[in-house]
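Colleague: Okay, here's the structure, questions in a sec.
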Amino acid sequence: MRTLVALLLVPAAALAADVDARSRIDAVTVYRASARVTRVAGAEVPPGDARVVLAGLPDGLDDDSVRVEGRGAARVRLHGVTVERVTGAGAAAGEARAGEARLEALQDEDRAVEDRIQAAHARAKFVESLRSTYSEDRARNLALRPVATKEWAAVTEFVAAQLADAAAEVRRAEAARRDLKRRLDAARAALERLASKRGETTKRVAVEVSSDAGGPVELAVSYVVREAGWQPVWTARLAPATGAVDLDLRGSVWQRSGEDWSDVRLAVSTAQPGRGLAVPELATRWLERTGPQAYPLAKAAGRAAPAAAPPPSAARMSAAEPERELDVEVEEAQATVEGGLLAATFTAPRRATVDGAGQARQVALARFPMKAEVTRTAAPRADPVAFLTAKAVNAGDVPLLPGSAAVFVGEDFVGRAQIPFTPAGGELRLAFGADDAVQVDRRVLQHEHDTSGLLEKRDVWRYRVRTTVRNRRGEAVKLTLLDLVPVSRDASIEVVMLDGSTAATREDPDRPGVKAWELEIPGKGERVVELAYEVRAGKGQAVAGLE
């Protein structure tokens, strides 16, 4: 009776039978600094309560992130999930015993093969001794009983056959021993790995279920690991003749979770879990009198300007018909894209493998074809080079993520650039290298300083600059020429544009003083831009920012 009462006081979960489930990683969604791993496990559960146990999971998994879904042949209810840490010694003990048993069995097999070799050598030695004894005996008694040809042939054939058979047995045994050596080396290496594994710690997930009739059940267990991430890798290719820009996006995926992702459905997401969960709140600021002493008010600081934006898969080709013309281009596989409210998820077109040691794996994700406006941009004040540039609009529904891009013009690699974050509908500007066929020559024609004024003397600095753009190409090109005029922050310093200056097309609203001229230079032609201005200040007044 006392035993029955004790059993009734034990929780049902403690009485549930543990059912070890074999599991495999089926799908992984990788975020920028973490990943959600989904394992599929199958088990046969008995009627009543049971705990389906998935062992050997990485110690770094987030316990609170574990989620379970499943289905069974009969009605199965999920009651809870427990995450347990398992020390390496306990986890490896059973494997070590099995490994030691395998090693001992292989060593016994190796000794048996050695016995076969020794027996074959002894057999060959015996036959050689028998032949020698027979030959000596017949030689001594040759006068009494001559050796018949038939008898000698039989003896010779017997000895040769026995020696050949012994030699063949030795060869077979040595071949078997070589194979055994490889298996023995593998068994010893496995034991060494287990020895190092004794210091590791893993986790196991126990899923508490109950079933009326029992039967097979399949569970999908997902959890988050931190030692994982991905970054976008771009290829930007410009076709100057058509003005088309192709952006190919790949995801460089890495992980050091301690478990390999083998043949999984791989997806990468632009979501950043944990970011923006704490909505900022403003606290009330109370003004109070602190005493009779008056404090001067500090000048209000100007609002800071916004920070500037940070700056082919192999295909199988059949060799069965080498004479066939290869006229079909190899295509790069594309991921499927699913746009959400706050993020986009790219799912790779086929299953992939990413090892758990940190080796990055690139996966083809998407292609963004764009119609671009191709032009040249030159800022000869800084660098007298015309840079081939393209301006395009992201017409898709997915933002372009910031990352490094390998830049091509046609088939020519010209360097690397940074793709800035470009939202859907945003404008993207990319440089594609220097165009040496467009020459930019900026010359300072006048740089003078004098003093003028009748009643009030003032210092005057006068500048005149001429920029000549020459197009060596046969067709017309467009070029945006950039130059600047200093801007005064002091009312006593005046900047005046002079007659003869070429009117600028526009000024940069984010960079005061930077002027832009939109030019079209005919083939084999040139355009000239004149810029003239004066800086006026009080006589003897120090002025910073002059040439």
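Readers should treat all values here as calculations from the given coordinates under stated rules, not as data from a laboratory. Everything numeric here is computed off the predicted structure, so don't read it as measured data. Methodologically, a virtual Cβ is constructed for each residue, glycine included, from the backbone with ideal geometry; neighbour enumeration extends over all protein chains shown.
Colleague: How high is the FRET efficiency from Ser132 to Arg172, r the C-beta distance, R0 35 Å, rounded to 0.05?
Modeller: On the way: r = 27 Å, r/R0 = 0.76.
It comes out at approximately 0.85.
Colleague: Follow-up question, since we're still on this one. Would you mind estimating how fast the stretch 432-538 diffuses translationally, via Stokes-Einstein at 4 °C and 1.567 mPa s with the Kirkwood radius over Cα pairs, in µm²/s?
Modeller: On the way: Rh = 15.6 Å.
In µm²/s, the coefficient rounds to 83.
Colleague: Could you compute the net charge surrounding Thr347? Neighbours are other residues with a C-beta less than 12 Å from the C-beta of Thr347; K and R count +1, D and E count -1.
Modeller: On the way: positive: Arg265, Arg350, Arg351; negative: Glu338.
Net charge in that neighbourhood comes out at +2.
Colleague: Using a Cα-Cα cut-off of under 17 Å, which lysines could be cross-linked to Lys371, ignoring same-chain neighbours fewer than 8 residues away?
Modeller: Lys391, Lys478
Colleague: Using 7 Å Cα-to-Cβ label points, what is the Glu456/Ala343 separation (nm, one decimal)?
Modeller: The two pseudo-label positions are separated by 6.3 nm.
Colleague: May I ask you to evaluate 6.51 cos²θ - 1.76 cosθ + 1.60, the Karplus curve with θ = phi - 60°, for each residue of the stretch 49-59 and list the ³J(HN,Hα) values in order in whole Hz, giving x for glycine and proline?
Modeller: Residue by residue, the stretch 49-59 yields 8, 7, 10, 8, 10, 10, 9, x, 7, x, 5 Hz.
Colleague: List, in order, the whole-Hz ³J(HN,Hα) value for each residue of the stretch 24-41 obtained from phi through the Karplus relation with A = 6.51, B = -1.76, C = 1.60 and θ = phi - 60°; use x for Gly and Pro.
Modeller: The phi angles translate into 9, 6, 9, 8, 9, 10, 9, 9, 5, 9, 6, 8, 9, 9, 10, 9, 10, 10 Hz.
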